[in-house]
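The values are calculated or read from the model by the stated rules, or taken from the named source; none is laboratory data. Fair warning: this is a prediction, and the values are worked out from it, not measured in the lab. Heads up, the Cβs are rebuilt from the backbone with ideal geometry, glycines too, and the neighbour counts pull from every protein chain shown. Remember, those area values only see protein heavy atoms, side chains included, never the ligands or the DNA or RNA. Shrake-Rupley method; radii C 1.70, N 1.55, O 1.52, S 1.80 Å.
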Number of protein chains: 2
Amino acid sequence: MMQTPLLLSSFIKRAELFFPDKLIISRTGEDTIHRITYREFAKRTRKLSDALTKLGMKHGTKVGTFGWNHHRHLEAYFGVPSAGAVLHMVNIRLSPEHIAYVINHAEDEIMLVDDNLFPHFQKLAPLLKTVKHYVIMGDSRDVPETTLENVHSYEALLDAASDDFAYPEDLDENTPAGMCYTSATTGNPKGVVYTHRGIVLHCYALGLADAMGIREADVMMPVVPMFHVNAWGLPFAAVFFGTTQVLPGPGLNPALLLDLIEQEKVTITAGVPTIWLAVVKVQEQQARDLSSLRAIVCGGSASPKGLIRAFEEKLGVPFIVGYGMTETSPLVSLSVYKSGMEELSMDERIDIRALQGLIVPGLEVRIMNENGEVPWDGKTMGELTVRGPWIASEYYKDERTAEAFKDGWLYTGDIAVMTEFGYLKLMDRTKDLIKSGGEWISSVDLENALMSHEDVFEAAVIAVPHEKWQERPLACVVLNEGRTADDAMKHQLLSYLEGQFAKWWVPEDVVFLDEIPKTSVGKFLKRALREQLKGHELNV
Amino acid sequence: MMQTPLLLSSFIKRAELFFPDKLIISRTGEDTIHRITYREFAKRTRKLSDALTKLGMKHGTKVGTFGWNHHRHLEAYFGVPSAGAVLHMVNIRLSPEHIAYVINHAEDEIMLVDDNLFPHFQKLAPLLKTVKHYVIMGDSRDVPETTLENVHSYEALLDAASDDFAYPEDLDENTPAGMCYTSATTGNPKGVVYTHRGIVLHCYALGLADAMGIREADVMMPVVPMFHVNAWGLPFAAVFFGTTQVLPGPGLNPALLLDLIEQEKVTITAGVPTIWLAVVKVQEQQARDLSSLRAIVCGGSASPKGLIRAFEEKLGVPFIVGYGMTETSPLVSLSVYKSGMEELSMDERIDIRALQGLIVPGLEVRIMNENGEVPWDGKTMGELTVRGPWIASEYYKDERTAEAFKDGWLYTGDIAVMTEFGYLKLMDRTKDLIKSGGEWISSVDLENALMSHEDVFEAAVIAVPHEKWQERPLACVVLNEGRTADDAMKHQLLSYLEGQFAKWWVPEDVVFLDEIPKTSVGKFLKRALREQLKGHELNV
């Protein structure tokens, strides 16, 4: 067989040749929507490669982005790696210290920054040690007033560039193409390097009829940010398949997303549960036509069943839960149905949708406890480990590699079970698991149950030390407005749980809080909660 | 990223873990249908690997098969390459001399032969130089009476084998996995070697929603033989995705295929036009329920529009034309619709279906004439060249490699145009093209037009030498029963063509024949026709 390398440049060529008139619909600001064809995209992308090369981009140069989802970011997704350089998508939601850390650690030499983020960004520029050029992504040919040197307008650079830049066809497919950093709960973010091969194979997986089935006829809107695990790889796949894509830009809100779905006839969209919870509420107040949607893909954290039900039952939109992480490109599993499952009752189908789902073709998983691999019985918990060609093999120049990558597998830090029918179910993060009398209790299961109670707004369950059982669960609950945080409520919640769990799973106590502390991406910050409640006296 | 190799053994593991109860429905003879689960398949495949290893199979050993489509052949598809050996699927329709040639040339050491083909096969066994063992694929634990030595029963070998054979996980993905020989029009067949990497990537392409979309919920029946380009890769893909597969065995006929479609609720099937022409006729006489079918894939030679219309319009079954060859694994293109095409008229849609279609993601094509790459204008003809990770890079130990593989591309020997909307249209084989006065005339276009005439059963158009124009087209026509082969008919056919083609395309003359000579796979043998009509005097 030919040793043709799997390269991102082939995607640009394919989109330009076969789908030149298909659109990238790009919102770059309030009331500003660009409609770029793939023909224009391909030309602009080659111009970007030429322009950045003139600024000094070489094979292996790290080019950072600091921006929302729009066509210029997409051009950087392709124009940087296709030329043999590496695109580092900086998470704009990190703290200024962490932003500076990741840019310095990756050694980014050129930074592409959204015009509306530049005022924020330039404040941390003095912390940056390796950046030589700043390119402002915006419509203007002028650059904003700034004390920084070497600041360029993206569009002005493109005006001066050639669109016949030739991409190397003999690049090794294992050449680094992209980088993302994952926010560690303690310490600095950890870098993951994506290769051309990994991204291409991940795109094939995204296009499989049995996975997301991304196809040319789709109108795909990634709500998940392009600075967050390559927007789950979706913009890459869309170019590969010639799919129309809607890049929703900055200042997202539920009404805007609903309007885009209705106006652009979006067929598939993807984002985290928080987004879809907000979208459901707004849709209930003012219904848009969502009939174009064939699927919503939801990941990042567990989806409450009420949310799944709202889409599947009330709105008639398939709501597919996925699992992945920065280290896994990210697609690991999707709660798609196996044949026959469509005939189950709505409740049973929602139960399946709420699982993390079927492992996509090409990856292998094991659930490991201290005795080795556990059986797929839906009960035995262990740490999820993953292996495959789009799974990272290390953290970039980071000693923490040894903690997560062992004997050829990624140890995800997630506690999971596999059901007998081969679906992944996440139970907890390793460090959030409650170890009571030698048995494991899933904080996530308890939280989901509590959050299904009509009086509860949010709930987090953490371990507190216990003399006899080593650890016992403690429920931290935020009540809905107007509810009274008293002993009667406490007992009501505990007896609600008693109906659903083994006795020893039921939390030892309930504390009522005004809010649960959260990370920058909206996940419960249990470390802070454990700190806060360290001295809590069990009181039931 | 992890350097996890793309290996066929991962497919077995996946099917066994995720789809253990899905079925392989295997017809091994009249009234004999086996129903094997993927759980059993995985065990039997490991047993086969163990049994063949005991017979001397090592890394790189060539193991030949001589059989129809059934579960034992499928076990060999996986059990041989997963162990690091190479499966050579011998085309049982070759002449005895060519069968001996390919087995000797590949240096097959073990031959797996269908019980019902063994009487035929053992006659040519004396010609074989490298085969040490014969394994009879059939239900019996006994071996037939034979003068050959080292003849084993497949089932008896499996009985004695262990099902915990461990496949190497560190095999290089570029390790040869399979071999097929393509029948050359002159000389000996030419061998093509498939690698694990090539087959795995080809399977991803088969599973794409925009290609065949093979998925778990499908019931897939490959009518194309497993000795013909890996049955187009479909059995591999089916195991990868956990798809139910129906392997229809020996003695195929249209009624049997229709019965299998109806009884097993086949959703997708694939084969050559000859098969589907026969199937349509039988379906017209006695209609089966074909409502389970979501697609018929047709390749191997051009599909007459009447055939496409019969399925699309009368039977309501999407009829997708594909293009490929032994050298291309084989999937190159499929006449699937781009978005918007569904809204065209039935006639327009059938015109699109009749094209060879859209190039599948992952491959590149060029159409080359003496001046280089030709424009995609639907008119300018040239030779189709293909490049990609599942395209062969050579013929196995064969000097003819230099004719077909040049500057990193496969020169297919097919004359084609690309339409403006990026669909491949085959015009001719290089050697069948008619070069008239410096211009090219497509024999295939003329043949298709002639065969759409109500009086014509078959038609082949060949070049005859011409003093002024170098070559001119000559139509060779077999009329339908009851039609008269006279001058009136001749003029009727020529004026029928005059309405459709430029004047200089219209054949110089028509000869009426009783039949068109054909190759072993049913393609027109134009070389024989040219020989036969060498001295023909043009007579219009």
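Using DSSP to call loops (not H, G, I, E or B), can you name the trypsin sites (Lys or Arg not before Pro) in the stretch A:48-85 whose Cβ has at most 15 other Cβ atoms within 10 angstrom?
Details: sites: A:K54, A:K58, A:K62, A:R72; in loops: A:K58.
Passing both the DSSP loop test and the Cβ count: A:K58.
Given Cβ point charges of +1 (Lys, Arg) and -1 (Asp, Glu) and nothing else, what value in debye, to the nearest 20, does the dipole of the protein assembly as shown about its Cα centre take?
Numbers: 106 positive and 146 negative charges, 222 e Å.
In total the dipole reaches around 1060 debye.
Farthest toward the dipole's positive end in the protein assembly as shown, which of B:P375, B:P473, A:H196, given Cβ charges of +1 (Lys, Arg) and -1 (Asp, Glu) about the Cα centre?
It is A:H196.
Please give the solvent-accessible surface of A:R366 in Å², to the nearest 10, using a probe radius of 1.4 Å with every protein chain present.
Only protein atoms counted, so the area is about 40 Å².
Answer rounded, prolate or oblate for the stretch B:152-242, using the Cα gyration tensor with square roots of eigenvalues a ≥ b ≥ c: rounded when a/c is under 1.5, else prolate when a/b is larger than b/c, else oblate.
rounded
Please give, to one decimal in nm, the separation of the simple spin-label points placed at B:D21 and A:E537, each 7 Å out from Cα toward the Cβ.
Result: 5.5 nm between the two label points.
Taking Rh as the Kirkwood radius computed over C-alpha pairs, what is the Stokes-Einstein D of the stretch A:364-429 at 37 °C in a medium of viscosity 0.692 mPa s, expressed in µm² per second? Mind showing how you got there, number by number?
On the way: Rh = 12.3 Å.
The diffusion coefficient I find is 267 µm²/s.
Could you sort A:K123, B:K406, A:K47 by accessible area so the largest value comes first, with the probe set to 1.4 Å?
Ranking A:K123, B:K406, A:K47 by accessible area, largest first, yields A:K123, B:K406, A:K47.
Nearest 500 deg cm²/dmol is fine: what mean residue ellipticity at 222 nm does the protein assembly as shown get from its DSSP H runs of n ≥ 4 alone, each adding -39,500 (n - 2.57), divided by its residue count? Numbers along the way, then the final one.
On the way: 32 runs with 304 residues, N = 1080.
Taken over the protein assembly as shown, the calculation gives -8000 deg cm²/dmol.
Keeping all protein chains in place and using 1.4 angstrom, which order do B:S162, A:S303, B:S452 fall into by accessible surface area, from largest down?
Heavy-atom accessible area, descending, gives B:S452, B:S162, A:S303.
Which three numbers, in whole Å and largest first, are the semi-axes of the equivalent ellipsoid of the stretch B:434-539 derived from its Cα gyration tensor as √(5λ)? Please list the in-between numbers first.
Numbers: eigenvalues 77, 58, 34 Å².
After scaling each eigenvalue by five and taking roots: 20, 17, 13 Å.
How would you classify chain B from its alpha-carbon gyration tensor, with a ≥ b ≥ c the square roots of the eigenvalues: rounded for a/c under 1.5, else prolate if a/b is greater than b/c, otherwise oblate? All intermediate terms of the calculation are to be shown ahead of the outcome.
Details: a/c = 1.68, a/b = 1.61, b/c = 1.05.
Since a/c reaches 1.5 and a/b is larger than b/c, the shape of chain B is classed as prolate.
Where nothing but the Cβ of Lys and Arg (+1) and of Asp and Glu (-1) is charged, how large is the charge dipole of the stretch A:44-160 around its Cα centre, in debye to the nearest 20? Before the final figure, lay out each step's value.
On the way: 12 positive and 14 negative charges, 68 e Å.
Dipole of the stretch A:44-160, to the nearest 20 debye: 320 debye.
Say a site is exposed when it is one of the GluC sites (Glu not before Pro), sits in a DSSP loop, and has at most 16 other Cβ atoms within 10 Å; what is then the longest site-free stretch of chain A?
On the way: sites that count: A:E30, A:E107, A:E145, A:E149, A:E169, A:E370, A:E399, A:E420, A:E454, A:E467, A:E481, A:E515, A:E537.
Longest run free of exposed loop sites: A:170-369.
Give me a single rounded figure for A:199-208: the average over its residues of other chain Cβ atoms within 10 Å of their Cβ.
Values: counts 1, 5, 6, 1, 4, 9, 3, 2, 9, 13.
Neighbouring Cβ atoms belonging to other protein chains average 5 per residue here.
Looking at the stretch A:1-50, which chymotrypsin sites (Phe, Trp or Tyr not before Pro) are DSSP coil and have at most 13 other C-beta atoms within 10 Å of their C-beta?
On the way: sites: A:F11, A:F18, A:Y38, A:F41; in loops: none.
In loop regions of the stretch A:1-50 (DSSP not H, G, I, E or B), there are no sparsely surrounded chymotrypsin sites (Phe, Trp or Tyr not before Pro).
Just in the stretch A:412-478: which trypsin sites (Lys or Arg not before Pro) are loop by DSSP and have at most 11 other Cβ atoms within 10 Å?
Numbers: sites: A:K425, A:R429, A:K431, A:K435, A:K468; in loops: A:K468.
Those satisfying the criteria are A:K468.
Over what distance in Å are the Cα centres of the stretch A:394-444 and the stretch A:498-512 separated?
Spelled out, the Cα-based centre of one part sits 23 Å from the other.
Could you work out, residue by residue across B:2-12, how many beta carbons of other chains sit within 10 Å of that residue's beta carbon, and then give the average as an integer? Intermediate values should be presented prior to the final figure.
On the way: counts 14, 6, 11, 1, 5, 0, 0, 0, 6, 1, 0.
Counting other chains' Cβ atoms within 10 Å and averaging over B:2-12 gives 4.
Over the whole of A:170-176, what's the average partner chain Cβ count within 10 Å per residue? Rounded to a whole number, please. Before the final figure, lay out the partial values.
Numbers: counts 1, 0, 0, 1, 2, 0, 1.
Per-residue shielding by partner chains comes out at 1.
Interface A/B, total buried accessible area with a 1.4 Å probe, nearest 100 Å²?
Numbers: alone 22970 and 22930 Å², together 41310 Å².
Counting protein atoms only, the buried area is about 4600 Å².
Rounded to the nearest 20 debye, what is the charge dipole size of chain B about its Cα centre when +1 sits on each Lys and Arg Cβ and -1 on each Asp and Glu Cβ?
Working: 53 positive and 73 negative charges, 156 e Å.
Charge dipole, chain B, about its Cα centre: 740 debye, nearest 20.
Compute the accessible area per residue over the protein assembly as shown, keeping the other protein chains in place, probe 1.4 Å, unit Å². If you can, show how the numbers build up before the last one.
Working: 41310 Å² over 1080 residues.
Ligands and nucleic acids excluded, the figure is 38 Å² per residue.
Expressed as a whole percentage, what fraction of the accessible surface of the protein assembly as shown belongs to carbon and sulfur atoms when a 1.4 Å probe is rolled over the protein heavy atoms?
Percent of accessible area from carbon and sulfur atoms in the protein assembly as shown: 49.
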